[in-house]
Amino acid sequence: MKTSSNKTIGIKEIAERAGVSTGPVDKVLNNRGGVSKATHERILQAIKDLGYKPNILASRLKSARDYSIAVLIPEATEMIPFWSAHSTGFEEALKEVSPFGINISILTFEQNNEVSFKLCVDEVIGDNYDGIFMVPVFHDQTIRLLAHCKDLSVPVIFFDSNLPGLSNISFIGNHSKDSGYLAANLLDYTTSQKGDILIASIKREEDNHIQFAAREEGFLTFFENSGRKIWRFTDNTGNEQTISKGITAVFEDKPHLEGIFVVNGIDKIAAAITPEQKLNYRVVGYDLVDNNIQMLKKGAIDFLISQQPQKQAYQGIKLFYDLLILKKTIASSYFLPLDIVMKANIDYYSFL
């Protein structure tokens, strides 16, 4: 239980909370060392539990040095608003780690522009960072950055998307294959056993096909040997009129369709389905962005699987605290829970 922010908290209160003498607390507060990792962690937890305000005690809690983390993330746009959701997680994490000398620099790039991504990589290579937290959109430039970081022993953690087999030390995000399996399970529950299923996607050349392919793989794994017919609709344009015509043609040609799994771009796919058509289908896809949430509330979408961008950002930065301050060894992957969000529970959904 946290104490009132108006109460003065000193070494004695921290020591009592941590179950240690005042000596180790004084050492931690003044960065003098000589405290075991276990005791150090208990003292830090006591400081957090007692409600210390970072702006009051930052100078006493700070690490012996400052650490700078570069965050490489696509910029949020009207077409791709997903990336704006991470900001809340970064802000919350900074409240907790900045007293210990950890700061972040956010470098944004155009998601589908390799030159833009390269400029961010150049900037990171030209500076001195103690850790890299990044979305690895472009393979070759990611390899170049990893080689640079490996030479300098700078840890790199991927988030949101993962490129397997590289030298990043960890990944945090959803398990893409399992999320596809979950989507299939949802449609299996909510459609008749004889209904056909459509896999719909909007795929451009620059997109992260590894992540999308993993979602499809998990989805198809669930329906192996089920006897269901699985159809596909793929659009390469992103044009709403083209998508609408394509979806309408699929509906006319496949009268036994009952479920639609949208690998990506659910806002465009769902918008192409009229309210009358929607009565015959169940639709599941990804991402709790504003437009998708409104469509969920109106019934145009039945289920959204959240990628939890706020938690990715928050917990990812906290991993650097574990690495750099607590000197912990972190796991090679941290898969976040696969949250199923519906109209019935969206108002109660917690984003952090």
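Compactness of the range 225-274, taken as the C-alpha radius of gyration over 2.2 N^0.38 Å, stands at 1.16.
Of all the options Ala272, Ala249, Ala85, the one that moves most in a Gaussian network model of the chain with Cα springs shorter than 10 angstrom is Ala249. Between the helical axis of 37-49 and the dominant principal axis of the chain, each derived from Cα atoms, what acute angle in degrees is found, rounded to the nearest 10? Between helix and principal axis, roughly 80 degrees.
Note on surface exposure: Trp231, Trp83 rank Trp231, Trp83 by accessible area, highest first, 1.4 Å probe. Among 312-325, 37-50, 98-111, sorting by the average number of other beta carbon atoms lying within 10 angstrom of each residue, highest first, gives 312-325, 98-111, 37-50. Between Asp267, Asp178, Asp26, the residue with the greatest mean-square fluctuation in the GNM of the chain (Cα pairs under 10 Å linked by springs) is Asp26. Only one of the listed values, [x] 23.7, 77; [y] 20.3, 70; [z] 27.0, 106, was derived from the coordinates as Rg and Dmax of the Cα atoms in Å; which label is it? Answer label, from the structure shown: [x]. Residues in the chain average 49 Å² of solvent-accessible surface per residue, probe 1.4 Å, ligands and nucleic acids excluded.
Per DSSP H run of n ≥ 4, the term is -39500 (n - 2.57); total these for the chain, divide by its residue number, and report the mean residue ellipticity at 222 nm rounded to 500 deg cm²/dmol. Result for the chain, helices only: -13000 deg cm²/dmol. Just the number, please: Stokes-Einstein D of the range 208-342 in µm²/s, Kirkwood Rh from C-alpha pairs, 20 °C, 1.002 mPa s. Estimated via Stokes-Einstein, D reaches 125 µm²/s.
Computed with a 1.4 Å probe on the full set of protein chains, the accessible area for Glu258 sits at about 50 Å².
Would you work out if the range 147-259 is rounded, prolate or oblate? Take a ≥ b ≥ c from the square roots of the eigenvalues of the alpha-carbon gyration tensor; rounded if a/c is under 1.5, else prolate when a/b is larger than b/c, oblate otherwise. Judged from the Cα gyration tensor, the range 147-259 comes out oblate (a/c at least 1.5, b/c at or above a/b). Residue ranking by accessible heavy-atom surface, 1.4 Å probe, largest first, among Ser21, Ser176 comes out as Ser21, Ser176. To the nearest ten degrees, helix 176-190 and the longest principal axis of the Cα atoms of the chain are 50 degrees apart. Summing +1 for each Lys or Arg and -1 for each Asp or Glu among the other residues whose beta-carbon sits under 10 angstrom from that of Tyr181 gives 0.
The values are calculated or read from the model by the stated rules, or taken from the named source; none is laboratory data. Please read these numbers as outputs of a predicted model, since none were measured by experiment. FYI the Cβ positions are ideal-geometry reconstructions off the backbone, even for glycines, and counts take in every protein chain you see. For accessibility, only protein heavy atoms count, side chains too; no ligands or nucleic acids. Shrake-Rupley method; radii C 1.70, N 1.55, O 1.52, S 1.80 Å.
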